[in-house]
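Scroll down for the structure; my scribbles are underneath it.
The values are calculated or read from the model by the stated rules, or taken from the named source; none is laboratory data. Everything quoted here is computed from the prediction, not taken from an experiment. Only protein heavy atoms, including side chains, enter the accessible area calculation; ligands, DNA and RNA are left aside. Shrake-Rupley method; radii C 1.70, N 1.55, O 1.52, S 1.80 Å.
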Amino acid sequence: MTDMTRVNVAVVGGGMVGSALAALLGQVGIRVAVLEAQAPPPFDPAQPLDLRVSAINTHSEAVYRAAGAWAGMVARRGCVYDGVRVWDQGSSAVTRFDAPQGSHLGWFMENRIMQLALLDRLAELDSVSLHCPARPVALLPEPEAMGLQLEDGGLIRADLVIGADGARSAVRAMAGIDVQAHDYGQQAMLINVRTVRPHQTVTWQRFTPAGPQAFLPLPGNHACLVWYDSPRATEVRLGLDDEALRQEIEAEFPEELGGVETVLSRGAFPLRRTHARSYRAHRIALVGDAAHTIHPLAGQGVNLGLQDAATLAELLIGAHGAGRPLHAAGLLARYEARRRPANLAMMHSMDLFKGVFCNDSPLLQRLRRGGLWLADHAGPAKSWVVQYAAGGKPAIADTMNP
């Protein structure tokens with residue numbers, strides 16, 4: 001028998017962005033169905049740390065607080081950071097960005113930890129239903145709704161369907177929205193390690209001719225290292241045994257790493273930029289990676305997605321409170337008008353940053369070293385960078401209870 005559910009909003013993708021958006025909407029009484037393809041494994045404190053780690057700035061922290069999920073995240077595990085260090089290989093000029101005393105810039109958290117806390121929050125909301133596993137296979141436009149045909153034969157009808165289902169979004173494809181894509185010709189290798197040094201609250205990044213090397217602190221004597229390089233060099237490192245990879249890390253990473261005791265896990269992914277030609281269609285909206293992916297150099301991908309979620313939630317909550325339709329073309333146009341320029345600006349900034357810093361030109365090396373020195377000594381500009389890195393306070397945090 002075919003199962004049919006009628007809701008105000010159907011969110012396809014129950015990850016870090018989609019579940020946050022669903023929680024923001026659900027806690028004000030908007031009826032939401034969340035469709036997630038696969039449930040994350042449950043958390044056990046004895047489990048090894050995952051490779052998939054994200055940098056969460058204070059803007060995103062505020063969104064998660066507003067969604068009612070933050071306490072569940074920090075109760076599991078995460079690592080706060082209050083400083084960033086950036087320098088160029090062969091240079092003594094280190095740019096330091098530190099949060100004001102008593103505050104922080106953000107957190108490093110495993111993606112699965114955040115998703116689990118969000119799913120716990122959704123289970124507390126009577127107006128939210130979670131469908132997992134669930135995979136949409138077709139959009140079925142109707143006069144008064146958008147139908148979502150599911151792989152198992154079920155049907156969900158919604159005033160608005162939100163695609164939060166990642167870079168290979170099924171919603172985006174079914175809505176016929178094209179993407180612009182660019183392959184950077186590089187890969188990012190992620191390596192979880194046990195470090196000699198204990199817990200640190202500083203993250204750093206060093207630029208080399210082959211690409212950046214980054215240190216992301218994790219709880220205890222753990223860290224995630226990010227090593228950008230060519231696909232060929234990355235393939236070779238992926239094939240090394242743990243001890244050989246540990247030795248190469250100690251030989252190639254800066255002494256600030258302080259030594260690696262053990263390689264725990266590793267993986268890699270290609271670097272691509274994608275941008276949907278539109279964030280909306282009839283009764284459709286895209287958020288997060290379904291709308292855009294950027295170069296991960298500054299770790300802003302998830303933060304941009306959560307800004308999408310906060311902006312769209314603010315508009316939908318306002319429309320719901322005023323009794324206006326949630327799928328109105330004007331509302332979706334306002335959402336895109338607010339988010340597309342900001343996302344484009346971040347994309348262009350990351351591309352410019354990559355062009356300047358991931359380059360072995362002697363002239364650019366001299367210019368960027370001078371630029372890093374200047375940034376480290378420019379008080380007002382440095383304060384602005386710190387504030388920007390922390391993300392500011394999202395509008396949604398003013399309208400929702402944390």
Rounded to the nearest Å, the spacing of the alpha-carbon centers of the stretch 187-215 and the stretch 158-185 is 31
Semi-axes of the stretch 1-123 from the Cα gyration tensor (sqrt of 5 times each eigenvalue, largest first, whole Å) come to 34, 16, 13
For the stretch 83-196, the Cα convex hull volume per residue in Å³ comes to 258
Note to self: with every protein chain in place and a 1.4 Å probe, the stretch 1-82 gives an accessible area per residue in Å² of 37
The chain: relative contact order from alpha carbon pairs under 8 Å, six or more residues apart, as a whole percent, is 22
hull vol. (C-alpha, convex hull) per residue for the chain, Å³ -> 147
The answer for the stretch 144-211, accessible area per residue at 1.4 Å probe in Å², is 40
If N is the residue count of the stretch 150-210, its Cα Rg over 2.2 N^0.38 Å rounds to 1.97
Of the accessible area of the chain, computed with a 1.4 Å probe and all protein chains kept, carbon and sulfur make up a percent value of 54
Over the chain, the sum of -39500 (n - 2.57) across DSSP H runs of at least four, divided by residue number and rounded to 500 deg cm²/dmol, gives at 222 nm -11000 deg cm²/dmol
